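Here the structure comes first, spelled out in structure tokens, and everything after it is commentary.
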Amino acid sequence: MKLGELLGVGKTASVYRWGTSEAIKIFHDSMDDEFEACKEALRAEFVDSLSIRAPRFSGCIMYEGKTCLIYEAVEGPTMLSQIKASIPSVSYYAQLMADLQSELHRVRVEEAGNLKLELSTRINCIKEIAEADKHRINGILASLPEGSAICHYDFHPGNIILSPHGPVIIDWMNVLIGCAAADAARTSMMIQSHSMPPQAPSWLTNREMRELFHKVYITTYKERSGFNQDDLEEWMLPTLAARINELDGAERAEIINKLIGKL
């Protein structure tokens, strides 16, 4: 079978249409494709078993010597592209995003929590942070609640497709089990970041609109979840630290500066 149209390009992989109703994810790095595909496949199988708002996972195949993943092709635009630079539009979609995340967090699973362990592993790999500061951040992390919620851990408008059958959440490669407040803190951090995705829409480059989106999102999420601001804020230090090694250049420097400001 030949590749269809290009549906999306990320840092690690590209997604193409595959046949009439599926999509194929092809990793850019041919040296790590098998490892990354197998790792994501385990998470995709887990998500697939939960009957939540996620594309159906069909398994792995070999394509041109690479291990690739096959998913249901979800039709529709992303939430990111549909938001207009107006108060009603920004407010509506911020509320919808908070509703979707709180709905996800109400799903409980039997698997043991792994979010805190994953964050601690990431924190320990940071070169720019002194060992004493890593120890302090890990101490704070250890004191935080474990939780048993599904944490997407990359939850933002670009990962929500507005399909004809309702919103669908995509890109589950970071999914973890833990405290729901940690997932919301991560989303809050990303929305407040100064970094922009390629070809960012006008509402996102407008600081007032972006701040409004964050305000409405966080207010709605707290109302839906029962968490307060302190519940979310206590996760921010380990969340910032764990984010550093995902970024380069100015984006990395921004997160490091924010982290230092909280130490």
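The values are calculated or read from the model by the stated rules, or taken from the named source; none is laboratory data. Treat the numbers as computed from the prediction; the structure is a model and nothing was measured. Positions of Cβ are backbone-derived with ideal geometry, glycine not excepted, and every protein chain shown enters the neighbour counts.
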> Looking at the range 224-263, which of its residues are surrounded by fewer than 13 Cβ atoms within 10 Å (Cβ to Cβ), in a helix (DSSP H, G or I) and touching a helix residue (DSSP H, G or I) at 6+ places or on another chain (Cβ under 8 Å)?
Replying inline: Gln229, Lys262
> When the residues of the range 136-164 are filtered to those that are hydrophobic (A, V, I, L, M, F, W, C) and farther than 13 Å from Leu104 by Cα, which remaining residue is surrounded by the most Cβ atoms within 10 Å (Cβ to Cβ)?
Replying inline: Ile137
> So which of Ala182, Ala130 is out of contact with any Asp or Glu (no Cβ under 9 Å at 6 or more places or on another chain), farther than 21 Å from Val15 by Cα and surrounded by 17 or more Cβ atoms within 10 Å (Cβ to Cβ)?
Replying inline: Ala182
> Any idea how many residues of the range 152-173 are of a type in the set (Phe, Trp, Tyr) and more than 18 Å from Ala200 (Cα to Cα)?
Replying inline: 2
> What is the one condition in (1) farther than 22 Å from Ser163 by Cα; (2) touching a residue at least 40 places away in the same chain (Cβ under 8 Å) that Trp18 does not satisfy?
Replying inline: (1)
>> Looking only at the range 175-200, how many residues end up being within 26 Å of Leu42 (Cα to Cα), assigned to a loop (DSSP other than H, G, I, E, B) and within 14 Å of the chain's Cα centre (by Cα)?
In response: 1
> When the residues of the range 51-71 are filtered to those that are within 19 Å of the chain's Cα centre (by Cα) and surrounded by 13 or more Cβ atoms within 10 Å (Cβ to Cβ), which remaining residue is nearest to Pro167 (Cα to Cα)?
Replying inline: Arg53
> Does Leu119 qualify as being within 30 Å of Lys2 (Cβ to Cβ), hydrophobic (A, V, I, L, M, F, W, C), touching a helix residue (DSSP H, G or I) at 6+ places or on another chain (Cβ under 6 Å) and at pLDDT 95 or above?
Replying inline: no
> Is one or more of the residues making up the range 222-235 modelled with pLDDT under 95 and of a type in the set (D, E, K, R)?
Replying inline: no
> Do any helices (runs of 4 or more DSSP H) entirely within the range 76-158 hold 2 or more residues that are closer than 22 Å to Leu259 by Cα, and if so, which?
Replying inline: 115-124, 131-143
